[in-house]
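Structure, as structure tokens:
Each reported figure results from applying straightforward, stated rules to the coordinates on display, with no laboratory input. Predicted model, so just to flag it, every value in this text is computed and none were measured. Glycine also receives a Cβ, built like all others from the backbone with ideal geometry; neighbour counts cover every protein chain displayed.
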């Protein structure tokens, strides 16, 4: 069975640990040597594209980056035809898409054609699993472990938040999500994470969320898909800025994370982003390492279905 990673839950807790361990190896086998990896970006990308391209190179492969207008999903060519065509050339297809169902359709098309080519989600409106793997790697490096680490997410219950909640549930890290009314993470996702043993709390108070937290995480309030409601969201999130007073409520050893890009003065202050608790740049660097670990896992002979 072909392994696909459309969400964090596509990896078992043991497999997440394996990916993180592979991410930290200084000299991984060149498991993609002589093979291509298609990197499809229907949406703009800076860190994810750089991380993915360099991770493929690290493993000896050849990254082929394809922009959205070159693909034209369901306009120039159907999603299914794109997937089957790319599957003729590449060992792995990774894509950043505007509709999560595009990834689902790609998987179905490849399966139907009998092509054992994994599909990786590089960001969709529902999930950002490769970001979450980089986040876990950063937390483990900075704090020495994952299990029992208290995480606070302050902001919109978006794709980054959803993936972080699923990741924390998988590794035994309690997480509290603070969002204003109407912008929290969906209840069914919370219940799904709790059913896997996750400890998830929801609050409308940033102060409550960060109290004693070892990780304080935030993200932009207005993402690529939210421009139409930008002013309404900014108004709703007044009081949710991660500033020095908020970080002071966290544990003394707390680290601050942000998946970037950052809007200084909105979801985070410049003083915190550049301050002593910030590990944002190490987090950005770990996107490459985590991607390398994931691609190594998927391209190795040992990657098999649960």
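For the reader, a short list of remarks on this structure follows.
- Nearest-0.05 FRET efficiency for residue 235 and residue 30, computed from C-beta distance (R0 41 Å): 0.20
- Taking other C-beta atoms within 10 Å as the exposure proxy, 7, 296 rank 7, 296 from fewest upward.
- With a simple spin-label model that places each label point 7 Å from the Cα along the Cα-to-Cβ direction, the separation between residue 245 and residue 188 comes to 3.9 nm.
- Crossing angle, helix 47-58 versus the chain [Cα axis fit, 0-90 degrees, rounded to tens]: 50
- Fully extending the segment from residue 75 to residue 264 would add 64.3 nm, taking 0.36 nm per residue of separation and subtracting the current Cα-Cα distance.
- Ascending count of other beta-carbon atoms within 10 Å, so fewest first, for 102, 218: 102, 218
- Compactness of the range 129-284 as Cα Rg over 2.2 N^0.38 Å, two decimals: 0.94
- Cα pair distances of the range 20-99 binned at 10 Å [whole percent]: 18, 46, 28, 7, 0
- FRET efficiency, residue 50 to residue 204 (Cβ-Cβ, R0 51 Å, nearest 0.05): 0.90
- Compared with the dominant Cα axis of the chain, that is its longest principal axis, helix 79-89 is turned about 60°.
- Taking the range 102-190 and dividing mean pair separation by its residue count, relative contact order in percent (alpha carbons under 8 Å, at least six apart): 25
- The length gained on full extension between residue 300 and residue 99, counted as 0.36 nm times the residue separation minus their Cα-Cα distance, comes to 69.5 nm.
- Exposure proxy ranking for 281, 221, based on other Cβ atoms within 10 angstrom of each Cβ and starting from the fewest, stands as 281, 221.
- Geometric extent, Cα atoms of the range 67-188 - Rg, Dmax (angstrom): 17.3, 49
- The long axis of helix 159-171 is offset from the longest Cα principal axis of the chain by roughly 90 degrees.
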